[in-house]
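Engineer: To start, I am sharing the structure in question, which I have written as structure tokens.
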Amino acid sequence: MNTVREKICSVCQIPFGCGNPSKEISCWCNELPPIFSLDQIADCLCPACLKQATIKKIDEYVATITPENSLTNKAKDLPKTTHLVENIDYYLENGNYVFTKWFHLKRGSCCANGCRHCPY
């Protein structure tokens, strides 16, 4: 376990807490998909900037996916999680959850329900 340190976001310059508050509670950044390697970001980002950067990176990746290469996508190999992130895994439309193409790619196969954003 490491302690929570105050850091300054390298994008917006806002201070934020970084680290694991306890053995049972991990850092807030673990709620986002682990899609960045450490050499891609100069320093830590605050929750808002990291989420924005994550959405941008996911959107860039999803734009490269076609039905022909969807079954071999890298998203399906990410660690499985039961935690869904709004505007990454789903968005709300008229009170309904709409799953994104990214969510379907992480699942790794088609559920045959005719989903709006199915990449398969």
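We did not get these values from a lab; they are worked out from the coordinates using the rules stated. Predicted model, so just to flag it, every value in this text is computed and none were measured. FYI the Cβ positions are ideal-geometry reconstructions off the backbone, even for glycines, and counts take in every protein chain you see.
Engineer: Please state the charge dipole magnitude for the chain, taken about the Cα centre, from unit charges on C-beta atoms (+1 on K and R, -1 on D and E), reported in debye and rounded to the nearest 20.
Structural biologist: Numbers: 13 positive and 12 negative charges, 38 e Å.
Dipole about the Cα centre, nearest 20: 180 debye.
Engineer: A further question on this structure: When N counts the residues of the stretch 1-63, how does its alpha-carbon radius of gyration compare numerically with 2.2 N^0.38 Å, as a ratio? Walk me through the numbers before you get to the answer.
Structural biologist: On the way: Rg = 12.3 Å, N = 63, 2.2 N^0.38 = 10.6 Å.
Scaled against compact globular proteins, the figure is 1.16.
Engineer: Using the Kirkwood radius over C-alpha pairs as Rh, can you work out the diffusion coefficient of the stretch 66-120 via Stokes-Einstein at 20 °C, viscosity 1.002 mPa s, in µm² per second? Walk me through the numbers on the way to the answer.
Structural biologist: On the way: Rh = 11.7 Å.
D = 183 µm²/s.
Engineer: Something else: As an exercise, find the ratio Rg/Rh for the chain from alpha-carbon atoms, using the Kirkwood inverse-distance average for Rh. List each step's numbers first, then the result.
Structural biologist: Working: Rg = 16.1 Å, Rh = 15.9 Å.
Ratio value, two decimals: 1.01.
Engineer: Here is a follow-up. Say the cut-off is 28 Å between C-alpha atoms; which of 51/74; 80/101; 23/74 go over it? Walk me through the numbers before you get to the answer.
Structural biologist: Details: 51/74 19 Å; 80/101 16 Å; 23/74 30 Å.
As for pairs spanning more than 28 Å Cα to Cα, those are 23/74.
Engineer: Here's another thing I want to ask about it. Can you give me the distance in nm between label points at residue 111 and residue 6, each placed 7 Å from the Cα along the Cα-to-Cβ direction?
Structural biologist: 4.4 nm
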